[in-house]
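To start, the structure itself, in structure tokens.
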Amino acid sequence: MLKIGLTGSIAVGKSFVRGVLAELGCRVLDADATAREVVAPGSPGLKSVVGAFGSEVRREDGTLDRGKLGTIVFADEEKRQLLNSILHPLIIAAQDDQIRRWQQETPDGIAVVDAALMIESGGYRRFDKLIVVHCRPEVQLQRLILRDGLLPKEAGRRIAAQMSQEEKMKYADFLIDTSEGFEDTRRQTDEVLRALNVLARTAKRAMDSL
């Protein structure tokens, strides 16, 4: 199974690209969904987060208050790194377990893991190829303001807290520019997947010949 990393900065359109890849037959994992699973009520992950950030990040119903936690970590780089150090090992272990199951079912398939901090965490090294989604900075800012209901200053601060788009693009095997909207992004995604299917078939033949 060909293992693909999908990443990009906040509000650049990764979710749409992930959806297109799933529609076209890829097995897809969303790191945000996995992150929610590893901090489910009663989980060791939630216990670790509460231990590090205090009981105020846990709601009365026992779930993690992701909004409150996000406000804390986006305002403090050291706290953001602490949160990542707690969650990333748990997320990676859960992802690897799922990919192993998929590989048994479809050894010639393509598995895609979507994670915003894949490069920063070093997790991109686990994959055969890396797709980086990007868009023009002014498009990114406007999307984030509209998506999360933020003031421009707060949106800019959240963007600045992450690795820049330009730096992430240096790591890419494939680039997808979402600046021009859905149809153009879908076209680019389809082109990338065609190239990945060629790689997957080549890898399968190589394994079969061993």
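The values are calculated or read from the model by the stated rules, or taken from the named source; none is laboratory data. This is a predicted model, so every value here is computed, not measured. Cβ placement follows ideal geometry from the backbone for every residue including glycine, while neighbour counts extend to all protein chains displayed.
Every test in (1) surrounded by 21 or more Cβ atoms within 10 Å (Cβ to Cβ); (2) out of contact with any strand residue (DSSP E or B) (no Cβ under 6 Å at 6 or more places or on another chain); (3) assigned to a helix (DSSP H, G or I) is passed by Ala11 save one, and that test is (3).
Under the condition of being assigned to a helix (DSSP H, G or I), surrounded by fewer than 15 Cβ atoms within 10 Å (Cβ to Cβ) and among the hydrophobic types (A, V, I, L, M, F, W, C), the residues counted in the range 151-210 number 6. Against the test of being modelled with pLDDT of 95 or more and surrounded by fewer than 20 Cβ atoms within 10 Å (Cβ to Cβ), the options Ala52, Ala93 yield a single qualifying residue, Ala52.
So that you can scan it fast, the table gives a plain yes or no per residue for (1) basic (Lys, Arg); (2) modelled with pLDDT under 95; (3) closer than 24 Å to Gln81 by Cα; (4) more than 19 Å from the chain's Cα centre (by Cα):
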site	(1), (2), (3), (4)
Arg158	yes, yes, yes, no
Thr185	no, no, no, no
Lys204	yes, yes, no, yes
Ser209	no, yes, no, yes
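None of Gly62, Gly25, Gly42 is at positive phi and in contact with a Pro (Cβ under 7 Å, 6 or more places away or on another chain) except Gly62.
In the range 132-158, the residues that are within 14 Å of Gly67 (Cα to Cα) form Cβ pairs under 8 Å with partners that are assigned to a helix (DSSP H, G or I) and at pLDDT below 95, at six or more places apart or across chains, as follows: Leu150/Arg158; Arg158/Phe74.
Of the residues making up the range 37-82, those that are touching a Leu at 6+ places or on another chain (Cβ under 7 Å) and in contact (Cβ under 8 Å) with a residue 24 or more places away in the chain number 7.
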